[in-house]
Amino acid sequence: MNTIFRKSMLSVAGLAFAGGVFAGPIAAHANPAVDAKPATAAAVQAAAPKPQGDQSHITLNGEQTANVKAIIAATKKAGLPERAAVISIATSLQESKLENLGHLGDANDHDSLGLFQQRPTSGWGTPEQITNPEYSTTAFLKGLKQVDGWQDMPLTDAAQTVQVSAYPDAYAQWEQQATDLVGQYWNS
């Protein structure tokens, strides 16, 4: 019985040694300077699920960039993680292309206003509050925090649960750009 046990242990040790010989050289030649992403972008992307479906992208102007920064600031002030900012920015990209929209007349969807196209008649706040980026983001985040498991669910599901849109899958297309924006501005 001792002989069988010794042979088994030697076999296991031999496999461990062989694994180290083959894997060691591969790991030793990895170039972290080439392979690494910026720490913040990598952290946001590592924590986030893979974006669903085809992704859209727009070039942002100064106002839109300022609104991204306002959403991030409100998210931090609320004590929420980067994922909440990603969901918020993707939602705003879908709803308003990150523009703080006032009343659009006949082109308006009911009485929807602001970055998130929130409606005063649905209880989101007054028109003045809803068109304040910090207020509207905080209102959106308050709704998000009430969604059980929002941190781990697909972005479009989390956003839709808060927004109750007629186009529930539309939020997903902005996930990559929102993730990139949070990676770019979270620590700035």
### Message
Being modelled with pLDDT of 95 or more, open to solvent by 40 Å² or more (accessible area, probe 1.4 Å) and part of a helix (DSSP H, G or I) is the requirement here; does residue 66 meet it?
### Response
yes
### Which listed residue, of 92, 96, 122, is open to solvent by 50 Å² or more (accessible area, probe 1.4 Å), among the hydroxyl-bearing types (Ser, Thr, Tyr) and modelled with pLDDT of 90 or more
122
### Message
Can you tell me which of (1) more than 20 Å from the chain's Cα centre (by Cα); (2) within 19 Å of residue 62 (Cα to Cα); (3) of a type in the set (S, T, N, Q) is the one residue 121 doesn't meet?
### Response
(2)
### Query
Out of all the residues in segment 158-177, is one or more touching a Pro at 6+ places or on another chain (Cβ under 8 Å) and of a type in the set (Val, Ile, Thr)?
no
## Note on the structure
Scanning segment 157-187 for residues that are over 22 Å from residue 65 (Cα atoms) and hydroxyl-bearing (Ser, Thr, Tyr) gives 161, 165, 167
### Message
Please verify whether residue 25 is open to solvent by 70 Å² or more (accessible area, probe 1.4 Å) and modelled with pLDDT under 95, treating the condition exactly as stated.
### Response
no
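The values are calculated or read from the model by the stated rules, or taken from the named source; none is laboratory data. Remember, it's a predicted structure, so these values are computed and weren't measured experimentally. Neighbour counts run over all protein chains shown; Cβ positions are idealised from the backbone, glycine included. What goes into the accessible areas is simple: the full protein's heavy atoms, side chains included, and nothing from ligands, DNA or RNA. Shrake-Rupley method; radii C 1.70, N 1.55, O 1.52, S 1.80 Å.
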